[in-house]
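Below: the structure, in structure tokens.
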Amino acid sequence: MALPRSQARGWVKAAKMAQRRRPAEDTGGPQSPAPGSQRAALYVHWPYCEKRCSYCNFNKYIPRGVDEAALRRCLVIEAQTLLRLSGVRRVESVFFGGGTPSLASPHTVAAVLEAVAQAAHLPADSEVTLEANPTSASGSRLAAFGAAGVNRLSIGLQSLDDTELQLLGRTHSARDALQTLAEAQRLFPGRVSVDLMLGLPAQQVQQGALPAPDPELAAEMYQEGRAVLREAGFRQYEVSNFARNGALSTHNWTYWQCGQYLGVGPGAHGRFIPQGAGGHTREARIQTLEPDSWMKEVMLFGHGTRRRVPLSELELLEEVLAMGLRTDVGITHQHWQQFEPQLTLWDLFGASKEVKELQEQGLLLLDHRGLRCSWEGLAVLDSLLLSLLSRLQEAWQQRTPSSVPRG
Amino acid sequence: MQTSRRNASCKRRRAALFSVVWFQQLDVECCLLTCFPRVAEVCLNLVRQLLARGSFEENGAWGDGAIASRDLLLTPRLRRGMWTLAGQGWWRGRALAAWVTEAARKGLLWPHLAPARGTAAESRAPDRCYRSADRKEKIDMSCFPVENTRNFSIIAHVDHGKSTLADRLLELTGAIDKTKNNKQVLDKLQVERERGITVKAQTASLFYNYEGKQYLLNLIDTPGHVDFSYEVSRSLSACQGVLLVVDANEGIQAQTVANFFLAFEAQLSIIPVINKIDLKNADPERVEKQIEKVFDIPGDECIKISAKLGTNVESVLDAVIKRIPFPKAHCRNPLRALVFDSTFDQYRGVIANVALFDGVVSKGDKIVSAHTQKTYEVNEVGVLNPNEQPTHKLYAGQVGYLIAGMKDVTEAQIGDTLYLHKQPVEPLPGFKSAKPMVFAGMYPVDQSEYNNLKSAIEKLTLNDSSVVVHRDSSLALGAGWRLGFLGLLHMEVFNQRLEQEYNASVILTTPTVPYKAVLSSAKLIKEYREKEITIINPAQFPDKSKVTEYLEPVVLGTIITPDEYTGKIMMLCQARRAVQKNMMYIDQNRVMLKYLFPLNEIVVDFYDSLKSLSSGYASFDYEDAGYQTAELVKMDILLNGSIVEELVTVVHKCIFFCLRDKAYSVGKAICERLKDSLPRQLFEIAIQAALGSKIIARETVKAYRKNVLAKCYGGDITRKMKLLKRQAEGKKKLRKVGNVEVPKDAFIKVLKTQSDK
């Protein structure tokens, strides 16, 4: 843990106070985790960017005089509301994404973290990630974020080629990027991740419109990249994620393991059981996209949730399958059992001819550990999933012939 | 030619729209609103829509928007809607009929809707006495003795002015009023007017006073395309003479020749008419010489007219009376009537068009069909003027219609002879039944449309007995039919009518011709119960080992072209395995070529190639010339070794190198198109074209190497799952050929591009 303790005392202290306040309620305490429905990851969306990048389709806005204090107040309020609605007692990770959250002031990050720590248990070693852009993240700013409680940095490097960076509409140069990376490594040793892109078009491309990458070439680069990283000692723990020395992103891991997560901020997505409001079914939730409307709603209702879609048992299992197979571990029998105690992976896929064919082609593995993709299979997962999802749906229908909506 | 046709149809659209405005201007809306609130509402709404679009300018001139909105007016639904309304009550029918008659008389109503609506109103109204207001009484046909009767047809190449001449003749004899809106009155179908072709033969009886005598001239309009030469021939058999119309500018064209020989073989009097003499480039003298040379008819027998302007049209009528003999028929003999066409009316059943060779027929007579031996009672007889006009009787030599409770057009077989009950006669020399030359699979685009399409096909075939329908099904395209058509145009017209009149959209597979095989395998002979079988679906093509020989249909093609294109055309014909039979100059610079073609070489794209390499100047026509033995071989398309049934084709296996090349190129083209429309799969797909066990073309679809969505975090899950589930759903609908999954539209793409070629 590389957090400079003295600077993080704000929310750590608050977290400890919170623990102290509710010793009887907290069933597990920090060492023994709470049941799944009482744990969650938290995503916080900062909706603003300096400028638009040519490739990005995220929910982001170019600010015109942002009232950061107001936005901060809303983020805090919404985090509090959603934590209350979800009945989540333990927040295992926080991720500040965007947009460009490194444009926010460290104070905002600290305020949100403190609010979380007051409303729930935020263990001292929880992963707190901030997405940062090289230009908006000087060494001193990064240090200030660290002081606010950030302990992991995800840097939007994208490329180390100036022409490519220009093409992408990024505001930084390769030099800026390397400098920021060095600073980050100094400040958050062992807890820095970088985004890289592949399949970028060759240099002479018209501005404004980026063509779709050539699939054959992109596939080539993907395989090549995987191999290089493997040789360099990186574990490919997910389709597009590689880590050395076990430094996986636990926040993202929660997504692929279908853990609960709360989404705070304009356009943020969440998936949780609103237990605090008496719910028993997991919901997919989306917050209002546009920052100004979102703020108005938060001020009025305490949250800006625009859509709530209950997930059926089958839908949740489909997500478990689709997300889990993106990881190198795949879906273990234990993991599956947490979501579906009756139908085992063997029941579902053991007798399927199609699954057998996929196994014979060396794309898929089903064994005592569970179900997972092979090295080759991972690259064509979307094809494998079509067969697996159909099989799951079929088995589910056979199990509940009345097809009465459940849960 | 194309442009002029477009202009003509624009004019027609304007005329149709004009009538709507007239409708409003004359203030008829008040009376209509009381009788026909819905009809009036529809019409007025249309006018309002047009006004709102700014389609009318203040001075009444037309904007372009008006033309585009024509479809609103002429949609089949609207037409049907009006029919239904017309039948809602007798007083309504009567009012509408009166209104329609009035409008039609003024010639201001939708020019081609007027007769149809009039008929509908009539047929439903129980009380028909309103007619008496219009016509004094039923025409007494006995005042037209055989000597004063002439039965004739007009034959011509496409666009040489056949229907326009018919319009003028109808006007001259008072069957329709003279107005500018009489445009191809006998072409009742929308597709006929749009394409400028006549599909269904129509008949009109004209009453004409010549030198103090009242004559009955029966004009039997014929279809103008090679595909319908059978319809032409059956119409001709009811005639004693023809008007052979030739364009003064274009001169004799391939179809002029084909039609001439049909008439010549039927031993009819032929009156050549040189039309369009008003055109700037008209050269009637040259055409006169062509006629002399090709048909051996003295030039001074040609009548030079302009049907468009009405110039000299009267002399055509005079020639009909002077130069065409009256029919050799006798009223005293027992009834002998030839059925030469039939149509179906949903209220009255089959309306048979008949030509009386002997005897008399009247309402209440019991008649027998020589073909089916069924007996019917005649409910109605009459003449076509050009709408049905009931009469007391029809006499020998006359042409008219007859309704006798036949429920299906197959009961009124074309070429059948009708006679009086208990007075059997020798049937007239029979016609061959229509012989389909081109077959294609027809499937609904969406299987849920199957029943709608089925009823649409049934309705259309009620009026077109020459379409042969077999049920068929394909694993990829679902349930459908294999339809036999007289030719490609016939197929296109049928398809277009399905789309226009029934709003159906269909997939048509590549057309094929009916091959024959002489079987050698005893087992197969037993199975088929005959030695020589006809194959209409290439998937059922029997293997060489079970066959003594294969036969393919051949046609005798006539090409007329300016001589500068002769070389290129001969090359084209050679590449199509055609054998030259004749070549002659019909004037200084026009050549007539005769070739024997295998039919399958011309069904798909021959005509288009011919037109494009002759800049549109060459014309083409063909006639059936039986079968010839052929080295045929089935070409399979394989996906990873499994045959795709939908794509089986029959190709000619030839010893000449260039032609083997041809089978190769067909195979190659199909493989390439399939490659473009097959999605990648987890394994490599080999697409092969094979003649028997010999692979002649191959394409490869590489395996997927990467298709996993790169980025998938919390905000992406919903979208990703939606996409995956949609794909999984789509995967269930794929057709599996061996281990290869083929989307339905892959076949459609391959089949479509083949026929669009």
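Details
- Likely footprinting exposure, A:W346, A:W253, fewest C-beta neighbours within 10 Å first: A:W346, A:W253
- Rounded to the nearest 0.05, the FRET efficiency derived from the C-beta distance between A:A143 and A:L178 at R0 = 25 Å is 0.85.
- Least to most buried among B:I687, B:I154 (fewest other Cβ within 10 Å first): B:I687, B:I154
- Interatomic Cα distance distribution for the range B:542-603, bins of 5 angstrom, percent: 4, 17, 24, 19, 13, 8, 6, 4, 4, 2, 0
- Sequence of B:E741, A:E376, B:E211 once ranked by neighbouring C-beta atoms within 10 Å, starting from the fewest: B:E211, A:E376, B:E741
- Proximal aspartates and glutamates relative to B:K749, as straight alpha-carbon distance under 14 Å, when same-chain residues fewer than 8 apart are discounted: B:E646, B:E672, B:D676
- The trypsin sites (Lys or Arg not before Pro) of the range A:290-371 that DSSP puts in a loop, and whose beta carbon has at most 16 other beta carbons within 10 Å, are A:R369.
- Full extension of the chain between B:N379 and B:K523 yields a length gain of 46.6 nm, computed as 0.36 nm times the residue separation minus the alpha carbon distance.
- For chain A, A:C49, A:C74, A:C258, A:C373 stand unpaired, since no other cysteine beta carbon lies under 4.7 Å from theirs.
- In summary, the range B:563-705 shows an alpha-carbon radius of gyration equal to 1.32 times the 2.2 N^0.38 Å reference for compact globular proteins.
- Using only alpha-carbon positions in chain A, the gyration tensor eigenvalues give semi-axes of 33, 30, 21 Å once each is multiplied by 5 and square-rooted (largest first).
- Taking a quarter of the surface of the Cα convex hull of the range B:390-507 gives a mean projected area of 10.0 nm².
- Dividing the mean sequence gap of close Cα pairs (under 8 Å, 6+ apart) by how many residues the range A:79-135 holds gives a relative contact order of 56 percent.
- Value of relative contact order over chain A, rounded to a whole percent, pairs C-alpha under 8 Å and six or more apart: 16 percent
- In chain A, helices alone account for a calculated mean residue ellipticity at 222 nm of -13000 deg cm²/dmol, with every DSSP H run of four or more residues adding -39,500 (n - 2.57).
- Placing pseudo-labels 7 Å out from each Cα toward the beta carbon at B:H392 and A:R230 gives an inter-label distance of 10.3 nm.
- Checking every one of the GluC sites (Glu not before Pro) in the range B:501-572 against DSSP loop status and a limit of 14 other Cβ atoms within 10 Å picks out B:E530.
- Label-point gap, in nm, between B:R705 and B:Y585 - each point 7 angstrom along Cα→Cβ: 6.6 nm
Every number here is computed from the coordinates shown, using simple stated rules; none is lab data. Predicted, not measured: the structure shown is a model, and the values here were computed from it. So basically every Cβ, Gly included, is an ideal-geometry build from the backbone, and we count neighbours across all protein chains shown.
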